[in-house]
Each structure stands twice: as structure tokens, then as C-alpha cells.
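I have placed the structure first, in the form of C-alpha cells, so that the comments after it can refer back to it.
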Amino acid sequence: MKKKKFIVVFLFITFAHLLFSQDLLFLKEFNIKGKKELKIVKMIERNEFYDINKPVMYSKDGRVTNLLFYDGDLLIKEWESTSYNDNGLYWYDFNSETNLFDLKVNDSYKETLYFYDEEKRLVRKAVTGTKEFCNYFYDKNGNLIKTETEQLVAENKFNSKNQLIHIKLSNGENKYYKYDRQNRIAYIKEVYKDKNIYKYFFTYDDENHTKSERKIKKNRKTIIFDFTDFYQYDSDGNIIYTKYYSSITTDSDNKLLSFAITEEEYEYDEKGYLSHIKKTSSGKEKNKYFEYLFDENDNLKTSVCYEEVE
């Protein structure tokens, strides 16, 4: 058996942090449907990137929630906040001399380590100081055939096209997948121990760049709900509109109690990055706006999300 080589190299990344207060309001100008408009907003999320597709910091509601560390292309360590009060991990104190926020590290965080084999495939992640872990196993084609945690084992089966067709969980639950002729997901079936069955049917309209997802919940032979979500894309494959059912609630007897219909409209900037989301649910409208900062090589370094204040 080929001996696996585990890469455990620690690299601490230092970078200048400019964070925010969740109560601080901004008057900012955004481009909406080709027209510049002033909006009163608050910053709700800020992410920094080590390289394209390699985030090093996630922050939300005025505080950092995750820090990520890399060795070259490989993520090797992540710090995740476990406290959500003002004294928790990753809260930034303002430094009046540097006009920046300084990182304050307390004990309220968990550290996850990532391990890889010689082919740079993730084979294990473990949370230090705990029994939490996840092991990953692959077949000769590189398909993930098994994941193993302290609580659950999942075994994955693939067809001759290397498409996932079955997930068998150690708790007795099963998930099944089917695909269309274009190798797109066409059907998902989830079977749970409480006899609840969820079925999802996907229909694509290539000419109009749309997709429908019919989702059904059944308990034995009784249908609990039967809803169809709708998705529309632009010619580049970016989602531009969705209409879906959310906040679906049922009682202990599986009787449908309530649901909401949510619509979302998406806009993108000239580089193809998401710039605006308009979300309408139960008659209420919420708007989110996005800004991006790039380095001299035009690589994404920072993304910021603002939410409009009424």
C-alpha cells in the first residue's frame, strides 16, 4: 500500500485589517440597473483573500468569524469563532495611532487542522483539543467514496461516468441521484428514518437559460408539500433571478402550517462579480450591495457586502 505523506506546515499570514462596526452607517453610491443611486447602508460582511478563491478572513456583523492559513495552495489551518459577544475571539480593537483595528485573540475559538496526501487530496481534518475529526477516502479515479466522522460515516457510490449516484449514511438514511443526457442533475431522492421522503426533480430550458426544481415531501404515501422553485441565468451562466419557497413549517403530524414565497434579483458588474441582490419575501424588500478591491495584478483581495438600511 502506498504510504501517504501528510503535509503539516504552519504558515501564519499577517495582513492589515480594516474592520467595521455593525452600527456604523454609510451613505454610498451604487450602480443599479445602469443608474447611480445613493443609499444608506451598513456593512454586514467583509472577506479578504490570499489569492483568487483563497479567502483568509471572513467577517460578519462587525466581527471576524474565521481566519484561514495556507501553505502554498493548500489550506492547512482555520480558526473559527465560538463566541458571539463583544469579548469573543477575533474582535478588533481600534488603534488610534495606525487608524486600523488590531486583532485580539482570546480562548473562544476552535482550531481545525487540514492534512493532505501526496496528490494534494484532503484526507483528514481535525479540531485540536477535541474528538472532532473527518477522514476522507478516494477511489482510483479520485472520487470521494467515504467520509468518516466521530458521529457519522457516509459511503458514496459512483457510476461509470464518475457521477455520484448514492450516499449511504451510517444512521440509516440514504440519498439517490440521477442525471440527464447533458450530465446535469435531474433527480434527487432523500430517505430518512422517520419515513419522510424528499424528492427533487430538475428541469432545464437551455434556450431560455432557466431551471425548475420541483421539491416534494412525502410521509409514506401522503404528500406533505409539493412546490416548484424557478431559476433564471444570463448567457454567462450567472444566476439573475430566483423564485422559491422558503420558511416551510410543518407540525408534529407533518401537516403543512406555513410557507413564504421569496424572489431574488441579481446584478453583476463589468468584471462579472455580483454587485446587487434584491430580495422580496412576504411583501418586504431587502437590498444587498457588493464592492470589491483588487491588487495591481487585478486579483481579488477584498469583498464587502452592505445591507440597505430603511
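Output the Kirkwood hydrodynamic radius of the range 145-273, Cα pairs only, in Å rounded to one decimal.
Taking every pair of different Cα atoms in the range 145-273, averaging 1/r and inverting gives 17.1 Å.
Round to a whole angstrom and tell me the spacing of the C-alpha centers of the range 225-272 and the range 119-159.
31 Å
Let me have the relative contact order for the range 212-259, percent, based on Cα pairs under 8 Å that are six or more residues apart.
26 percent
Keeping all protein chains in the complex and leaving out DNA, RNA and ligands, what accessible area do you get for Glu264 with a 1.4 Å probe, in Å² to the nearest 10?
Probe radius 1.4 Å; accessible area of Glu264 about 20 Å².
Excluding residues on the same chain fewer than 8 positions from Lys131, give the lysines whose Cα lies under 18 Å from its Cα.
Hits, sequence-local ones excluded: Lys77, Lys110.
List every residue whose amide H lies under 5 Å from the amide H of Thr65, counting only residues 5 or more places away in sequence or on a different chain, with H placed 1.01 Å from N in the peptide plane.
When sequence neighbours closer than 5 places are left aside, the close amide H contacts are Tyr58, Ser59, Lys60.
Output the pairs from Lys195/Lys215; Lys36/Lys279; Lys54/Lys168; Lys54/Lys120 with a Cα-Cα distance over 25 Å in this structure; if there are none, say none.
Lys54/Lys168
The values are calculated or read from the model by the stated rules, or taken from the named source; none is laboratory data. Just so it is clear, the model here is predicted, and its values are computed rather than measured. Accessible surface is based on the protein model in full, side chains and every heavy atom, while ligands, DNA and RNA are left aside. Shrake-Rupley method; radii C 1.70, N 1.55, O 1.52, S 1.80 Å.
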